[in-house]
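Read through the structure below, which is laid out as structure tokens, and then see the notes.
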Amino acid sequence: MISAETVTRVVERLSNSSPANAQRLMKTMSREQPLLVTYLLAGSQDKAFDQDESDDLFFIGTVLLQVAKEAHLVTGPVTEEELDRAEKANDDFLEKLDSDSEGDFISAAEFSIREHPEPELLRYMTEALMQDDEGNPENPPFREESLGPAFLYLRVVLDALVLHAKSLE
């Protein structure tokens, strides 16, 4: 299981990365996880997101990929089958989010974190969606109407990584 310290270390390193390092990282990620990078790029271009939300979505996804890599959760590329399985498993969750209030989303997310095989990665992802850089939930980086789609895109990435890790066991 990945620790909170590992997640924090990767977030800090990526947050302080130079543009040149970010570009190198993108090339490496594209080579190592082509399906997930393509999925994240497509998700970040979704019309549900404004430009800041698109950038944040891609950054959070990058953190997920880098933490999984550095913690040796995955040792090879996620397959199309794993990505499809993760998408199908999360479709019902998105439908529920669309009909629920923000409070219901928070409750569902908290339950999800407790039950997830990688709770610290899911906790980071959820907090990054719902709190600003200072941890203030009063100024979330995502609008209420874009929160569900952002959560789904990122949850699919995370679950695909976990499915891949399980296939290696």
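The values are calculated or read from the model by the stated rules, or taken from the named source; none is laboratory data. As the structure is a prediction and not an experimental result, all values here were calculated from the model. Cβ sites come from the backbone with ideal geometry, for glycine too, and all protein chains shown count toward neighbours.
Just one of the listed residues (Glu87, Glu32, Glu70) is farther than 16 Å from Leu129 by Cβ and more than 16 Å from the chain's Cα centre (by Cα), namely Glu32.
Can you find even one residue in region 68-79 that is at pLDDT below 90 and either of a type in the set (D, E, K, R) or farther than 25 Å from Lys166 by Cβ (or both)? Looking for residues that are at pLDDT below 90 and either of a type in the set (D, E, K, R) or farther than 25 Å from Lys166 by Cβ (or both), one finds none in region 68-79, hence no. Could you list, in sequence order, the residues of region 117-144 that are under 14 Å from the mean Cα position of the chain (by Cα) and without any contact (Cβ under 8 Å) to a residue 24 or more places away in the chain? Residue satisfying the conditions is Glu127 alone.
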